[in-house]
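The values are calculated or read from the model by the stated rules, or taken from the named source; none is laboratory data. Since the model is a prediction, treat every value here as computed from it, not as a measurement. Here the Cβ is made from the backbone with ideal geometry for all residues, glycine too, and neighbour counts use every protein chain on show. To get the accessible areas, we keep the full protein, side chains included, count just its heavy atoms, and leave off ligands, DNA and RNA. Shrake-Rupley method; radii C 1.70, N 1.55, O 1.52, S 1.80 Å.
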Amino acid sequence: HMDLPRDMTNQLFHLAQTRTGTPTYGLIGAVSGTPRACFPLNKATECEAAELMAQFQAEGLAPFATFALAEDLSSPPQRPQSLALPSLPHLVVGSRIKGVLEIDAYLEGPLGWSTVELRLPEV
C-alpha cells in the first residue's frame with residue numbers, strides 16, 4: 001500500500017480543479033520518503049523532465065511518484081515516455097462520478113499496470 005499525506009492530496013486535488021483541459025502530468029518529490037511537493041509538467045517533454053530532475057536534486061528532493069490528471073478514471077493509466085520511471089508508482093487524479101475527485105495508484109510491471117492500495121488521510 002501507499003500513504004499520501006493530506007497536504008499532498010490537497011495539492012493534487014487543487015491541480016485537478018484548476019487545470020485548463022489539456023492532459024497534465026507531473027512528478028511528486030519526497031524528502032526522506034515523505035511526499036512534499038508536486039511539480040506539473042505542461043508538455044512532459046524529455047527536456048522539461050530533465051530540467052525537473054535537476055530542480056529536484058537542487059532542492060534535495062527524491063522522486064516519489066509520477067501523476068496524471070485525467071477526466072475519467074475508467075480509462076487505463078497513461079504515463080508519457082519522458083516520465084517512464086517504472087520503479088515509481090503512478091497516481092491518476094480524476095473522477096468516476098461528476099464532481100467527485102479521486103486518486104488511483106498504480107505500479108508498472110512487465111505485464112502492465114497493477115493497482116496499489118492508496119491510503120488517504122482521514123478528513
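Quick notes
- Cut-off 15 Å (backbone N to label point 7 Å along Cα→Cβ of THR20), residues of the range 30-64: 40-44
- DSSP-defined antiparallel bridges as percent of all bridges, the chain, nearest 5: 80
- When the alpha carbon gyration tensor of the range 63-117 is reduced to an equivalent ellipsoid, the three semi-axes, largest first, read 20, 11, 10 Å.
- Whole-number D in µm² s⁻¹ for the chain, Kirkwood Cα-pair radius fed into Stokes-Einstein, 4 °C, 1.567 mPa s: 89
- For the range 18-80, a Kirkwood hydrodynamic radius built from all Cα pairs, placed in the Stokes-Einstein relation at 10 °C and 1.306 mPa s, yields a translational diffusion coefficient of 127 µm²/s.
- When the solvent-accessible area of the range 1-61 is split by element, carbon and sulfur atoms take up 52 percent of it, the probe being 1.4 Å.
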